[in-house]
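**Student:** One structure coming up, written as C-alpha cells, with questions to follow.
Read-outs throughout are calculated quantities, based only on the coordinates presented, and are distinct from any laboratory measurement. This is a predicted model, so every value here is computed, not measured. Positions of Cβ are backbone-derived with ideal geometry, glycine not excepted, and every protein chain shown enters the neighbour counts.
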C-alpha cells in the first residue's frame, strides 16, 4: 500500500513514525520546504518537491498541512487525487469542503491530539463514502499513532475542545500537583514521578475495571479522611466549573 503524506511538520512526522512501523506500506512525502524535508528524511522515504507528484504516487493521501493552505493544496492535487482515499488531519476543514475538489474520493476527517508524538494520540474520526475494505486500512493507519474513535462530524468541534485541547488542561493539573508536592518538601523529580504515575494509574484503573470516576472517588473518600479534606478545597475552588469552561472555551474557538 502506497501512502502519500502532504505536510511533514510535527503532526506529519508523527504520522510517518507510526506508519513506518507497519508492514507493506510504502511512504511518499512532500512538504513546504523541500530542503528541510530532505535534511530530516535522510534518505529513508520517497520525497518530492511537488505535492502533485507525491499525490500521483499514493493509493492513500494524508493531508497534514495548515488549514490556511487547504484550498491551495486541494487545487494542486485534484487531477491526480480524485477517487483516492483522503485522510485529513487539517483542523477546521470539513468533509464537504474537501469533496468540492475531490468529489469521487472517500474522505476521512481526523482530530488527533499531541500525544501522537509518542504514538498515543486519541484519533477521533468521521468519514464519507468509505467502504469496509478501505475502512480497515484507515483504522490500521490511525492505530499506528494512537487509538481511533469513530464519531459523527457534528461532534468534531466538541472533540477539539475535549481531547484536542485536553492535554493542555491536564498539563496544568499535573503541574499544579507537582508544585504542591514541592511546596510540601518533596524533591521536584520525585513529585513529578509520583504525579505522573498517579494520573496514569488512575486512568488505567478506571478503564480496566470499567468503573466511573465518581465510583473511584467514593472508594478512596473515607469519612473524615485526607481525600475528602482535599476534595473540599477542590470543590470550594469550583474546579468542575473551571474545567467545563475551559473545554467549552476551546470548543467555541474551534
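**Student:** Once each part is reduced to its C-alpha centroid, what is the distance from segment 134-158 to segment 9-33 in angstrom?
**Tutor:** Measuring centre to centre over Cα atoms gives 17 Å.
**Student:** Over the Cα atoms of segment 56-191, what is the Rg over Rh ratio if Rh follows Kirkwood?
**Tutor:** Taking Rh as the inverse mean 1/r over Cα pairs, Rg/Rh reads 1.12.
**Student:** Angle, helix 10-19 long axis vs. longest principal axis of the chain, Cα atoms, 0 to 90°, nearest 10?
**Tutor:** 80
**Student:** Let me ask something additional. Name the most mobile residue of 37, 162, 234, meaning the one with the largest mean-square fluctuation, in a Gaussian network model of the chain with Cα contacts below 10 Å.
**Tutor:** Comparing 37, 162, 234 in a Gaussian network model of the chain, the most mobile one is 234.
**Student:** Here's another thing I want to ask about it. Under 8 Å for C-alpha pairs, at least 6 residues apart: give me the relative contact order for the chain, rounded to a whole percent.
**Tutor:** Working: 369 pairs, mean separation 35.8, N = 254.
For the chain, the relative contact order is 14 percent.
**Student:** Report, in deg cm²/dmol and to the nearest 500, the calculated mean residue ellipticity at 222 nm for the chain, where each DSSP H run with n ≥ 4 adds -39500 (n - 2.57) and the sum is divided by the residue count.
**Tutor:** -16000 deg cm²/dmol
**Student:** For helix 188-209, what angle does its Cα long axis make with the longest principal axis of the chain, in degrees from 0 to 90 and rounded to 10?
**Tutor:** Here the helix axis deviates by roughly 80 degrees.
**Student:** Provide the descending list of Cα extents for the chain along its principal axes, expressed in whole angstroms.
**Tutor:** Result, largest extent first: 69, 38, 32 Å.
**Student:** Going 7 Å from the Cα of residue 198 along its beta-carbon direction, which residues of segment 226-240 have the amide nitrogen within less than 16 Å of the resulting point?
**Tutor:** Only 226-235 pass the distance filter.
**Student:** Based on other C-beta atoms within 10 Å, arrange 38, 72 from fewest to most.
**Tutor:** Arranged by neighbour count, lowest to highest, 38, 72 become 72, 38.
**Student:** To one decimal place, what orientation-averaged projected area in nm² is obtained for the convex hull of the Cα set of segment 165-253?
**Tutor:** 6.8
**Student:** Between residue 151 and residue 44, what FRET efficiency follows from the Cβ-Cβ distance if R0 is 35 Å, with the result rounded to 0.05?
**Tutor:** Working from the Cβ atoms, E equals 0.60.
**Student:** Can I ask one more? How much length is gained if the chain between residue 117 and residue 243 is pulled fully straight, taking 0.36 nm per residue apart and subtracting their Cα-Cα distance, in nm to one decimal?
**Tutor:** 42.9 nm
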